[in-house]
Amino acid sequence: MPSRKFADGEVVMGRWPGSVLYYEVQVTSYDDVAHLYTVKYKDGTELALKESDIRSQSSFKHRKSQSSSSSPSRRSSSRSRSRSRSPGRPAKGRRRSASQSREHKDDKKKAIQETSLALVVLVLFKPSENNTKRYNGEPESTEKNDTSCIILEQKLKPDLEVKRVLEQYSLRSRKDDKKTEEIFSEKKTFVAVKPIEKVSSKTKELEFGGRIGTFMLVFLLPATVFYLLLMCKQDDPSLLNIPPLPALDSLWEWRVFGVFLLWFFLQAVFYLLPIGKVVEGLPLSNGRKLQYRINGFYAFILTAAAIGVLLYFQFELHYLYDHFMQFAVSAAAFSLALSIYLYVRSLKAPEEELAPGGNSGYFIYDFFTGHELNPRIGSFDLKYFCELRPGLIGWVVINLAMLLAEMKIHDLSMPSLSMTLVNSFQLLYVVDALWNEEAILTTMDITHDGFGFMLAFGDLVWVPFVYSLQAFYLVGHPTAITWPVAAAITVLNCIGYYIFRSANSQKNNFRRNPADPKLANLKFIPTATGKGLLVTGWWGFVRHPNYLGDIIMALAWSLPCGFNHILPYFYVIYFICLLVHREARDEHHCKQKYGLAWERYCQRVPYRIFPYVY
């Protein structure tokens, strides 16, 4: 194993990724496995660099002296060339004067070329600091890491004047000048097409309890879903009343599995329809942007039309309720098979297409979190498709099936007020998600997490079968509520939805166009990445106001089920735990990404989700 060259705490010069610029950084740590140094820039940004991208400060000083010391060799070669010129040259004394004049001119032209080359490099490869400042609304002259460019420009101004004079009175042959220009052009071309080195990074910090935790979750998540569904089927769904295990043959039916496959592939067909706009996602690690077709709302409309046709021809939609457990088992089996396929195909994926959070090298961890970031079959994005289509739209269809089952079982001419509230609230949530489908492209699920068992099971099983738990519970345990109580619950849901939607709209609009005049009243903290951290509006109230709105809505969805059992409130309890855990993940990633700017933001906005509480 090669020994490390730079020690912790040592101040060195680090190359900014994707450029040839070196900035002063401090070494904070070293990874013996990946052979990467973690360095910290003056603005607090932390990056992992290879040893070849780090230089000592003394080496830069040495290079400067080296370039100046190379001039004697050029002078000697110039003198030797001057002695071999035409016999009709002037006297010896004048020859020396002419030779010295030429060598002085050559040195000047050489210095001008080197200075110009350095300036070209800065212009071509400077990591968009000026764009960052314009994004943040700051003047370009305040850029911290711009001193090298300013010095070169100052040096270049007098040299350009000398160059003009030399070109006008040059004694050097045009052939030599042409050769020099070709060499200089080749240098510039070489610099301009210099490839950006890709740093291969392994996932260092394991989440979800590491290998042991993810191994247990692979079994615990399906067991939780089946347990909740069995509890809802009981007359007394209390926690102490453990349901008996059903017979294994009652959990599987091929016809049910066929209906699930038909549903999945019907949504895939809707996804492939050439309707809706095509947008670009966020840049990947290699700078490429993937394209996504935004037609989830159209898929929902087509699905609603198909369900309407089935009901018109008197199709018994409460078939879903009668075989609910079998549908859950079929979805779990399909998600497991899909996860295996995703992991196998990810083994052949290029390094740059792997997920930053699922590239640990441990099978079970990468299988659970997802090894490949954006697995695609042609233009069909598997993760993006499963994120909103089969599970989220399926959630609404299941709720409708539960509403019809309640009416049939209890012989009702119209659904109960509790069931109506649950269906209406959750329908609003799903329609909002599909209408604002483009916003999902900036979420952690798309930008950071790979597509593995966690998201596959969550999208296809957890969302449709756990999120519909309140409707499923009300079928077997009807709960009567009064109109005033229903009105109060509706107001609570509207408050949560308003916070959720307005907070997300503020964030998404600011990300798209921070210079929008409509957002002129919003204040933010600039960061080294070029993005701003909002400190006014909802994002100045708490760090995750959208989570706060989500939790308020989740409570409103459970309240129509009454207070006889805690089972309908599982969603609220689970959702609070989920969002607190996700907030911790966001906190960790933002601290690494934004550095000191994130610390300033946390001081400005101290509360994470619940104001004055957490």
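Data overview
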| item | result |
| --- | --- |
| Filter result for MET414 (crowded, with 24+ Cβ neighbours inside 10 Å and on the phi < 0 side of the Ramachandran plot) | no |
| Scan of the range 8-33 for residues that are among the hydrophobic types (A, V, I, L, M, F, W, C) and in contact with a strand residue (DSSP E or B) (Cβ under 8 Å, 6 or more places away or on another chain), ordered by number | VAL11, VAL12, MET13, TRP16, LEU21, VAL25, VAL27 |
| Per-region count, the range 491-525, residues hydrophobic (A, V, I, L, M, F, W, C), closer than 22 Å to GLU438 by Cβ and in contact (Cβ under 8 Å) with a residue 40 or more places away in the chain | 5 |
| Check on ALA487, small (Gly, Ala, Ser) and in contact with a Leu (Cβ under 7 Å, 6 or more places away or on another chain) | no |
| Residues that are part of a helix (DSSP H, G or I), open to solvent by 30 Å² or more (accessible area, probe 1.4 Å) and aromatic (Phe, Trp, Tyr), drawn from the range 352-369 | PHE363 |
| Qualifying residue in the range 408-421 (condition: small (Gly, Ala, Ser), in contact (Cβ under 8 Å) with a residue 40 or more places away in the chain and under 22 Å from ALA306 (Cβ atoms)) | no |
| Helices (runs of 4 or more DSSP H) fully within the range 422-481 counting 1 or more residues that are buried (at least 24 other Cβ atoms within 10 Å of the Cβ) | 453-457, 463-466, 469-476 |
| Pick from the range 535-569, criterion part of a helix (DSSP H, G or I) and among the small types (Gly, Ala, Ser), ranking: surrounded by the fewest Cβ atoms within 10 Å (Cβ to Cβ) | GLY540 |
| Test result for VAL491, outside the structural domain of PHE363 (by the TED database) and modelled with pLDDT of 95 or more | yes |
| Meets criteria (open to solvent by less than 60 Å² (accessible area, probe 1.4 Å), of a type in the set (Ser, Thr, Tyr) and on the phi < 0 side of the Ramachandran plot) for TYR271 | yes |
| Residue match in the range 589-611 (condition: more than 30 Å from VAL25 (Cβ to Cβ), surrounded by fewer than 16 Cβ atoms within 10 Å (Cβ to Cβ) and modelled with pLDDT under 85) | yes |
| Residue in the range 250-273 that is within 17 Å of ASN436 (Cα to Cα) and in a loop (DSSP other than H, G, I, E, B) present | no |
| Any hit, the range 323-337, residues being open to solvent by 30 Å² or more (accessible area, probe 1.4 Å), free of Cβ contacts under 8 Å to residues at least 12 places away in the same chain and closer than 30 Å to LEU469 by Cα | yes |
| Odd one out for TYR429, checked against (1) within 27 Å of the chain's Cα centre (by Cα); (2) within 19 Å of TYR569 (Cα to Cα); (3) not assigned by the TED database to the domain that holds ALA299 | (3) |
| Residue that is modelled with the lowest pLDDT [pool: residues in the range 510-534 that are more than 16 Å from LEU282 (Cα to Cα), assigned to a helix (DSSP H, G or I) and of a type outside the set (Lys, Arg)] | LEU519 |
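The values are calculated or read from the model by the stated rules, or taken from the named source; none is laboratory data. Owing to the predicted nature of the structure, the values given are computational and were not obtained by experimental measurement. Every residue, glycine among them, receives a Cβ derived from its backbone with ideal geometry; neighbour counts consider all protein chains shown. What goes into the accessible areas is simple: the full protein's heavy atoms, side chains included, and nothing from ligands, DNA or RNA. Shrake-Rupley method; radii C 1.70, N 1.55, O 1.52, S 1.80 Å.
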